[in-house]
Amino acid sequence: MQVRRYLFGLVLLTLIVSCRDGRRPAFVDADDTSPPVRGGTLKVVGLSDIDHLAPTSAYSTSSIGLLTNLIRQLVAYPLSLDFETATKVAPDLAEVLPTVENGGISADGRTYTFHLRRGVLWNTTPPREVNAHDLVRGLKLICNPVNPAGAPGYYTTTIAGMAAYCDAFAKVPGTIADIKRFVESREIDGVKAMGDFIAVFHLIQPSSDFLNILAMTFASPVPAEYLDYLPDSPDFRRHTISNGPYQIAKYTPNREIQLERNPVWRAETDPIRPAYVDRISLVLGIDQQLTQLQIAAGTADLSFEQAPPTSEVAALLEIGDPKLILSPPGEYFSGMWYLALNLVGPDNGGPLANPDVRHALQYAVNKAAVTQVLGGPQVARPAGQAVSSMVSGYRPGAGMYTTPMDKGDPEKARELLDKAGYSGRLSLKLAYPQSGTYALIAQTVQESLRRVGIDVQITSYTSGDYYGRLLNKAENARRGVWDLALAGWYPDWNGTNNGRSVIQPLFDGRTFGTASMDYGGYLSNEVNVAIDRALAAPRAEDAEKFWAEAASQVMKDMAIIPLYETKMVRYRSARVRNCVLNLWSLNCDWTALWLKDAPEGGGTR
């Protein structure tokens, strides 16, 4: 998931992190056990706007976290403080999970049949039930030519006929009329509505992670009205439609998003979201320091996308503050941040195309200094593989280009630059998102490269522009707008079979183009073959070795520079209760929490 989950994506649950004095900040404090209270206004503050609001396009942790209040999928992740429970899909729009035993999955594992829950309504005028045709329409829009999904490979390599459908859609002009005509006249062979409330999927081959793929917001149902707007256009954003517990009451780009209760949502038709608060106020343009001050003072409740300042994280860990949220729990680190290398820019054939230059960059970066910026080993640790330690394909002890104490090896980097003929004359452009500590990370990388004779120009972008307009557009890489880009990724789902959720979107070069997460245009036949073999493997344990082959080849090709793997750090106000982690936003789930001072029996505050 891009952090993006672009990221990202995802994991996790209760926080229990040991502190130096033995005290442990608990994910739930004592008052969380009190009975839930309905009502009140949840106050959220953040720096940057969403990258996308269309479910078929959104792929940042914050955007998907927002969308989970508005839209629903066939299956979703339950809101639970128990790790095992929270990471296993449960029925949402579907009445039950399909299995071989209940006839929902065919004996050969290639056909899935879902019966949709009745009484789930769109907040249209008049309201109408969400049906199987809405679900099919959503799948059709995944590969629209204007703002397609960031990981179309999940669907094109799994659902029969999806690849051919998407290839044809890519050639359609990006106008409202042409998109609407194509969607209404062209079918996907493997996605069928059997009447209004039965949806059937036919797969290319058995897929043990198919339910995880359907839990992505990409696979959300879409109302017919959305065909009257370009996907994620300003007009689209002004006319959003909801089937979840909340709806957008006001949206001012880069300033605020106000959510209110969806009047047609009914708790009895939603097994996932209790939706205790009446309203959610999201104010944008608030920097990291002010965000933390407001949450600590109680004038705000949660951050939209920012961690507390590093200096404060250390102090909060020291005192065991129960309002500090770190995820995943224990010794696991799920997120990975890395430097993407632009391999398709106008200098392709120049510096970054030279393996000795890429090799030098691997040794140049002082990863220990980067992790110190983040708050030390409880929050982040240096990375040396193409995936984090919670992802299929990771191998303990298999890190590459390691250096003593992870401080880099400037001498070796200079030798490699000399060999490549770039000693003292290499200049690169580094892009990074403005939020959080990323400016300090960019400056630390800049200093690391400066000490080996590489001049680095750093440029910041708001998070929405960074992922939605810079990295999301392949033409920016081709034009050479950036050479290095600071990027982050959380797996889109958790467990022993999640290699696809990282390796396919990031490193399958066959998907390079608009909205691709393969930002730098990396393309490797060896990696693509390993991906295909992993997807065709009959069992998760069989797929594991192919994911490991793919991850190893990425590092041999030096397609990225892994920097660190990390926990997500967030903070909540003293009035937030039942902070159950949303696996997409990696923050308290807005539909699960309640407010300590909310007026009993409902109302607002």
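The values are calculated or read from the model by the stated rules, or taken from the named source; none is laboratory data. Given the structure is predicted, the values throughout are model-derived calculations rather than measurements. So basically every Cβ, Gly included, is an ideal-geometry build from the backbone, and we count neighbours across all protein chains shown. With ligands, DNA and RNA removed, areas are computed over all heavy atoms of the protein, side chains included. Shrake-Rupley method; radii C 1.70, N 1.55, O 1.52, S 1.80 Å.
General remarks:
- Residues in region 198-242 that are in a loop (DSSP other than H, G, I, E, B), more than 20 Å from the chain's Cα centre (by Cα) and under 30 Å from Gly103 (Cα atoms): Ile204, Gln205, Pro206, Ser207, Ser208, Val222, Pro223.
- Top-ranked residue of region 544-580 - restricted to ones that are in contact with a Pro (Cβ under 9 Å, 6 or more places away or on another chain) and open to solvent by 20 Å² or more (accessible area, probe 1.4 Å), ranked as farthest from Tyr438 (Cα to Cα): Asn578
- Top-ranked residue in region 574-605 [being modelled with pLDDT of 85 or more and basic (Lys, Arg); ranked as nearest to Ser60 (Cα to Cα)]: Arg577
- Boolean, Tyr338 is within 24 Å of Pro505 (Cβ to Cβ), of a type outside the set (S, T, N, Q), at pLDDT below 90 and within 23 Å of the chain's Cα centre (by Cα): no
- Test for Asn525: is it modelled with pLDDT of 95 or more and not hydroxyl-bearing (Ser, Thr, Tyr): yes
- Selection from region 425-438 of residues that are within 30 Å of Ile286 (Cα to Cα) and either open to solvent by less than 30 Å² (accessible area, probe 1.4 Å) or at pLDDT 95 or above (or both): Lys429, Leu430, Ala431, Tyr432, Pro433, Ser435, Gly436, Thr437
- Of all residues in region 408-424, those being of a type outside the set (Ser, Thr, Tyr) and surrounded by fewer than 18 Cβ atoms within 10 Å (Cβ to Cβ) number 8.
- Residue match in region 549-557 (condition: closer than 23 Å to Met517 by Cβ, not in a helix (DSSP H, G or I) and not hydroxyl-bearing (Ser, Thr, Tyr)): yes
- Residues of region 385-402 classified as open to solvent by 80 Å² or more (accessible area, probe 1.4 Å) and either closer than 12 Å to Leu486 by Cβ or among the polar types (S, T, N, Q) (or both), total: 1
- Filtering region 582-605 for residues that are assigned to a strand (DSSP E or B) and among the β-branched types (Val, Ile, Thr) leaves an empty set.
- Subset of region 515-527 [open to solvent by less than 10 Å² (accessible area, probe 1.4 Å) and part of a helix (DSSP H, G or I)]: Val527
- Counting only helices (runs of 4 or more DSSP H) that sit wholly inside region 436-514, those with at least 1 residues that are closer than 30 Å to Leu211 by Cβ and of a type in the set (A, V, I, L, M, F, W, C) are 500-507.
- When Met405 is tested against the conditions (1) over 29 Å from Ala307 (Cα atoms); (2) surrounded by fewer than 21 Cβ atoms within 10 Å (Cβ to Cβ); (3) out of contact with any Lys or Arg (no Cβ under 7 Å at 6 or more places or on another chain), the lone failure is (1).
- Filtered residue count, region 244-262, keeping only those that are of a type in the set (S, T, N, Q), more than 22 Å from the chain's Cα centre (by Cα) and assigned to a loop (DSSP other than H, G, I, E, B): 1
- Leading residue by the ranking (farthest from Met558 (Cα to Cα)) among those in region 399-424 that are modelled with pLDDT of 95 or more and assigned to a loop (DSSP other than H, G, I, E, B): Lys407
- Residue list for region 254-279, restricted to those being in contact with a helix residue (DSSP H, G or I) (Cβ under 9 Å, 6 or more places away or on another chain) and crowded, with 16+ Cβ neighbours inside 10 Å: Ile257, Leu259, Arg273, Pro274, Ala275
- Within region 476-514, the only residue that satisfies the criterion of being open to solvent by 10 Å² or more (accessible area, probe 1.4 Å), under 28 Å from Tyr332 (Cα atoms) and among the β-branched types (Val, Ile, Thr) is Thr496.
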